[in-house]
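Student: Dropping the structure in here first, questions after.
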There are 2 protein chains.
Amino acid sequence: MRSSRYFMPILRETPKEAEIVSHRLMLRAGMIRQESAGIYAWLPLGLRVLEKVNAIVREEQNRSGAIEIKMPTVQSADLWRESGRYDDYGKEMLRIKDRHEREMLYGPTNEEMVTEIFRASVRSYKDLPLNLYHIQWKFRDEVRPRFGVMRSREFLMKDAYSFDLDAAGARHSYNRMFVAYLRTFARLGVTAIPMVADTGPIGGDLSHEFIILASTGESEVFCHRDYLGFAPPPSDIDFDDAAGLQAVVDHWTSRFAATSEKFDAAGFEAVPEESRLSARGIEVGHIFYFGTKYSEPMKAVVSGPDGATVPVHMGSYGIGPSRVVAALIEAGHDDNGILWPDAVAPFTVGIANLKVGNPDTDAACEALYRGLLAAGVDALYDDRDERPGAKFATLDLIGVPYQVLVGPKGLAEGKVELKHRRSGEKELLAPDEALSKLKSLTAAVAR
Amino acid sequence: MRSSRYFMPILRETPKEAEIVSHRLMLRAGMIRQESAGIYAWLPLGLRVLEKVNAIVREEQNRSGAIEIKMPTVQSADLWRESGRYDDYGKEMLRIKDRHEREMLYGPTNEEMVTEIFRASVRSYKDLPLNLYHIQWKFRDEVRPRFGVMRSREFLMKDAYSFDLDAAGARHSYNRMFVAYLRTFARLGVTAIPMVADTGPIGGDLSHEFIILASTGESEVFCHRDYLGFAPPPSDIDFDDAAGLQAVVDHWTSRFAATSEKFDAAGFEAVPEESRLSARGIEVGHIFYFGTKYSEPMKAVVSGPDGATVPVHMGSYGIGPSRVVAALIEAGHDDNGILWPDAVAPFTVGIANLKVGNPDTDAACEALYRGLLAAGVDALYDDRDERPGAKFATLDLIGVPYQVLVGPKGLAEGKVELKHRRSGEKELLAPDEALSKLKSLTAAVAR
């Protein structure tokens, strides 16, 4: 993308209303714009990151065997009356009346609707296990929305729903998602630690939150330091191998880890003192097993091997990609701006033309830009007639991991400067060398 | 995808409530499910098609220079009061009150919001032209929703918005979208004829609808037969070449074409009789130039080259991907089911194992399936223990363009059967030959 043709409204001033660093940086970098309280538009730069997060989430959901659908945002109140949650949900539910005065709502989650879809077509245990997910906008009418997209009213959620014949099958489905989440967050460049969690309004008796550590996190968390060194499950893990998955889950739950709500002093004190980690964290995923809580009242039943009809065992599994974008910034930033993991950076490489109009810098930048695009690298070419200082600041602010600075002086000596955003390291290279080095650096983005 | 692990709830019976063929076939093929009146969930098969349509729309928008954003679905009523449309819009607008009794609405379109985004950050004519688009769910509370996703209440829309300094610039932006739409529909495998249109509640004085001809179409249309033979603009067309684009638009508006609303008997009678085409059509796109209708009241202004401040000239450009899916079925089906254009078929190749459990057919199917996946071909492998007849019927119903039928008899002679869904042609090939032929057939999907 050429900056001269892009829409990236950088703010010079730090917006006053933003209380946390991710909110400040997302506004300053022109990633989002607030349209109403807790309701944001995603501007081009923000949307690029959000879609990269979605792509990784989607790939790992598919790899685990989940199947993508898309449920609508507007739901019928009657559906929620079947489960009993219409009255329970309270003011966080955005209730709507249509032109015929029918009671509708903007979905805050989809257990009821997916159960309706399931019961309409699945009759036999032979069609199980089944896991259906979607990535769709949700609305929760928070009384005081704040912290930008970290706690917005309209937000994006990936929510998956598993259906099994019995508790053992449901446990396998739960473990599939547990492992998929470990892989997802590892690919997003962060360690997310699974912690035993409360089930809240979803219900059920088995639940884990996935927590990213960040000094600015909303929750206090306590865990064993070992988790920081655990290796994520490999891409070729066999999701059909129930025992193998259970072993991974056992490993990732073998040490103490709890949010303050589930904190247990005795358990934490049993951790050797040098291994006790007390930190702040951000919840980026939450998974639930809730058995027949929805399938019983909603009559989502299948015939089992013995011919008898039984309600299915269900779980639900959420990741909020819009919230993940903010959490990644909380976990990765410095005084100059955002430090994205390579896999989700809005652009992987930035080219700063330090003297637009100079035939040499123009030609070198064009060659680099075209070379990167041809190699499938997401490149941003800053071809605007701006001061070099402003270009450096912008590339750092928006967090472009690899930056090539092309000026007439360097070019006279046959060199461009390659800068690594995260380490600050710089090196002088011939333009051709820079191109091949960038190709190999960016090809390494983990799959 | 293996059918045994997929979720594709085929209906045996034709649903009574469905009045048009696309609605019937989408329900029968398990592509969609109605959740409330005019509100649908997209099941896995339907979502695959919808996302392929989105991908083509997106690529052609990007090629033309438009930039993707994502605006929220819920908007503030105050924004619509600025343009005066809050009171004008009537009952089709879904009005919402949040927990603080603030007046909100579910966006039926986004002229106001995008104008707000523009005015917040663009100050100078130097930042023009600008075209921002998004692909987002919309809601229009139709009094009597019908025809499935052809006229649903919650629907997906790609809406783009252009901003220019003056009418000449805006005309160039309009022409960019005009040409992008021609390319989009051609890639979707249909001829969409641009017809002069009314501007309705969007306003403005220049507007074209893009109409697909289908015998079951909702509108009566009249045009010159020549349009059916016009070649779409090539992929390397220069979108910066204003004169070149105008020539394409002039060509595509050089013959008579009108919907019944804009029908002019004298104009149609001037068409030579053998070239008069009177047919039925479906509107799949609609583009508008409306000058300063929104920028004046909403104060979206820039400073021009002479320093004076002027309101920008705007246009808006819609394609409904969810409606396009239905329109493609109206334009392409037979008694056995759907005839997808290759580019949007949910799966490009289907493999029917006619004797699951037979080691030869199992091995041949596995090899074919893996070979296709390795080549990046979307393949559906029907590995269920079902009658061959049911497998043939399903592949035809869901419209898989290329089908390989693998049975023990054929394999004994070293052959599988390759069937082309649209022509019905069949040929016997060695499994290896079938694989290479399929690779080359599917590689030809137009870009």
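The values are calculated or read from the model by the stated rules, or taken from the named source; none is laboratory data. What you are looking at is a predicted structure, and each value in this text was computed from that prediction instead of being measured. Ideal geometry is used to build each Cβ from the backbone, glycine not excepted, and the neighbour counts take in all protein chains shown. Heavy atoms of the whole protein, side chains included, go into the accessibility calculation; ligands, DNA and RNA do not. Shrake-Rupley method; radii C 1.70, N 1.55, O 1.52, S 1.80 Å.
Student: State whether one or more residues within region B:140-154 are closer than 25 Å to A:Q34 by Cα and modelled with pLDDT of 95 or more.
Tutor: Yes, because at least one residue in region B:140-154 is closer than 25 Å to A:Q34 by Cα and modelled with pLDDT of 95 or more.
Student: Does A:L277 fit the bill of being touching a Cys at 6+ places or on another chain (Cβ under 6 Å) and surrounded by 15 or more Cβ atoms within 10 Å (Cβ to Cβ)?
Tutor: Here the answer is yes, as A:L277 does meet what is asked.
Student: Still on this structure, please answer the following. Considering only residues that are within 8 Å of another protein chain (Cβ to nearest Cβ) and of a type in the set (K, R), look in region B:74-101 and name the one that is nearest to the chain's Cα centre (by Cα).
Tutor: Looking at the filtered set, the residue picked out is B:K91.
Student: Within region B:161-178, which residues are surrounded by fewer than 23 Cβ atoms within 10 Å (Cβ to Cβ) and charged (D, E, K, R)?
Tutor: Result: B:D166, B:R171.
Student: What about A:Y125, is it outside the structural domain of A:V377 (by the TED database), within 26 Å of B:L380 (Cα to Cα) and of a type outside the set (D, E, K, R)?
Tutor: yes
Student: Name the residues in region B:19-33 that are within 20 Å of the chain's Cα centre (by Cα) and within 14 Å of chain A (Cβ to nearest Cβ), would you?
Tutor: Result: B:M26, B:L27, B:A29, B:G30, B:M31, B:I32, B:R33.
Student: Could you run through region B:124-142 and say how many residues are more than 24 Å from the chain's Cα centre (by Cα) and facing chain A (nearest Cβ under 10 Å)?
Tutor: The qualifying residues number 3.
Student: So how many residues does region B:20-58 have that are in contact (Cβ under 8 Å) with a residue 40 or more places away in the chain and within 30 Å of A:R5 (Cα to Cα)?
Tutor: Adding up the residues that qualify gives 7.
Student: On to the next question. Taking into account only those residues within region B:102-123 that are at the interface with chain A (Cβ under 9 Å from one of its Cβ atoms) and in contact with a Gly (Cβ under 9 Å, 6 or more places away or on another chain), which is modelled with the lowest pLDDT?
Tutor: B:S121
Student: State whether one or more residues within region A:57-64 are closer than 29 Å to A:E330 by Cβ, in contact with a Pro (Cβ under 7 Å, 6 or more places away or on another chain) and aliphatic (A, V, I, L, M).
Tutor: Yes, region A:57-64 contains at least one residue that is closer than 29 Å to A:E330 by Cβ, in contact with a Pro (Cβ under 7 Å, 6 or more places away or on another chain) and aliphatic (A, V, I, L, M).
Student: What are the pairs, 6+ residues apart or on separate chains, where a residue within region B:393-407 that is of a type in the set (D, E) has its Cβ under 6 Å from a residue that is assigned to a strand (DSSP E or B)?
Tutor: Matching pairs, first to second residue: B:D396/B:G337.
Student: Considering (1) over 21 Å from the mean Cα position of the chain (by Cα); (2) touching a residue at least 24 places away in the same chain (Cβ under 8 Å), say which one A:D264 fails and leave the rest.
Tutor: For A:D264, the exception is condition (2).
Student: Examine region A:4-17 for a residue that is farther than 21 Å from A:V349 by Cα, facing chain B (nearest Cβ under 10 Å), free of Cβ contacts under 8 Å to residues at least 60 places away in the same chain and open to solvent by 10 Å² or more (accessible area, probe 1.4 Å), and state whether such a residue exists.
Tutor: Checked against the condition, which is being farther than 21 Å from A:V349 by Cα, facing chain B (nearest Cβ under 10 Å), free of Cβ contacts under 8 Å to residues at least 60 places away in the same chain and open to solvent by 10 Å² or more (accessible area, probe 1.4 Å), region A:4-17 yields at least one hit.
Student: Here's another thing I want to ask about it. Grab the strands (runs of 3 or more DSSP E) fully contained in region A:183-262, keeping just those with 1 or more residues being open to solvent by 20 Å² or more (accessible area, probe 1.4 Å).
Tutor: A:192-196, A:206-213, A:219-224
Student: What number of residues within region B:401-422 satisfy the criterion of being among the basic types (K, R) and outside any loop (DSSP other than H, G, I, E, B)?
Tutor: Total meeting the criteria: 2.
Student: Can you tell me which residues in region B:1-27 are under 19 Å from B:A326 (Cα atoms), among the hydrophobic types (A, V, I, L, M, F, W, C) and in a loop (DSSP other than H, G, I, E, B)?
Tutor: Residues satisfying the conditions are B:M8, B:I10, B:L11, B:A18, B:I20.
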